[in-house]
Every structure is written in structure tokens, then in C-alpha cells.
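First comes the structure, then the notes that go with it.
The values are calculated or read from the model by the stated rules, or taken from the named source; none is laboratory data. Just so you know, these numbers come straight off a predicted model, no measurement behind them. Side chains are part of the model used for accessible areas, which takes the heavy atoms of the whole protein and leaves out ligands, DNA and RNA. Shrake-Rupley method; radii C 1.70, N 1.55, O 1.52, S 1.80 Å.
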Amino acid sequence: MTALSDAGAGATHGRFVVVPAAYVFLLRTDDAGRTEVLLQLRRGTGYMDDHWAAAAAGHVERGETAYDAARREAEEELGIHGLDLELVTAMQRTGGGEPIDERIDFFLTARRWTGEPRIVEPDKAADLRWWPLDALPDPVVPHEAAVLASIRSGTSTAYSTFGFDEPSHPSNPSQED
């Protein structure tokens, strides 16, 4: 079964189903001491084309951890390996529509890896460029921009949300069960 047909099967059984994805933000410090992030300009994917996005990202496959998915995507999309990954946040995200719009995104950073990042899939990325965290290009995929802002400000949390009207927080739980 594909992820989409699995989502449909889960929905048929009344279960809440989310699509997991892993994102890798490669970070480095420039000569001026500023933190930079490597972003790709999406092209030909059918999702957020012409937006800047994490240099490597993709769905977590069945039987794969988010860390394994991040490493696989970095190798497939950037030709690098040996990433020293650190979890930034797990983001629950909704598009407010179909079951496929319910997501859990694992955002990871790496400051060390082996190899020189390059565009390996030119049909999916038009450009690959380092940007200072305090001077990002426009537009950036919105939920990714939110995570980058939290990295820049040092306010990232283990769990975050995106796309909900009023996100709940452990210190302010919803009154509904």
C-alpha cells in the first residue's frame, strides 16, 4: 500500500492518520560569525515550487525513523552523508482539509557532515544557496520559515504546531477531551 492508500484505510477505521516527514537544515558559521542555513529553491515538485526550503526533506518511509529518513534524503538530494543530526522540533501541522493534509514534521539540523552539498535532483531544485538566518530569501515555505525563525531566536521547542486556529501548549491544555 502507498502512504496515501494507508491514510485512506486508517480514516476508514476512524483512526487519526498523519503523514510524517523529515527536514534537514544544514547550518554553518560565516566569516562574520553569523549563522547561515543552506536552502534549495523548489522546482517541478508540485508543492511550493518557487519557494526556498530546507536543502533536504522528504517523507519518512514505512519502517524508517525520522533520523534515518533525514540521512537518506540528505544523501539523495545533496550527495552528503555522515550527518551529525540534532532535533529542533516535531511540528504537528494541518492544512485543514483531506487526511493527506495532516502532518507531523521532524525538523533536524546538522553542523557537520561529509561531502560537499550539491543539487543531485535538478528536476526538483532550481538553486541551492547559503543564507544568513537573519536575512532569508523570499518566499520561504511558511511552516519552514516558522522553524527557521525559532532557530534564529533560540526559542524552538520540542513540540510545535502550524495551521491550527489556536495551538494548545502543555501549560495551556485544551479543555476538550
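List of remarks:
- Averaged per residue, the stretch 26-68 has 54 square angstrom of accessible surface, using a 1.4 angstrom probe with ligands and nucleic acids left out.
- Divide the volume of the convex hull around the Cα atoms of the stretch 31-91 by the residue count and you get 142 Å³ per residue.
- Where the alpha-carbon atoms of the stretch 52-129 are placed on the principal axes, they occupy 39, 26, 22 Å, in descending order.
- Normalised alpha carbon radius of gyration of the stretch 106-164 [divisor 2.2 N^0.38 Å]: 1.30
- As a fraction of the 1.4 Å probe accessible area of the stretch 34-172, surface on carbon and sulfur atoms comes out at 48 percent.
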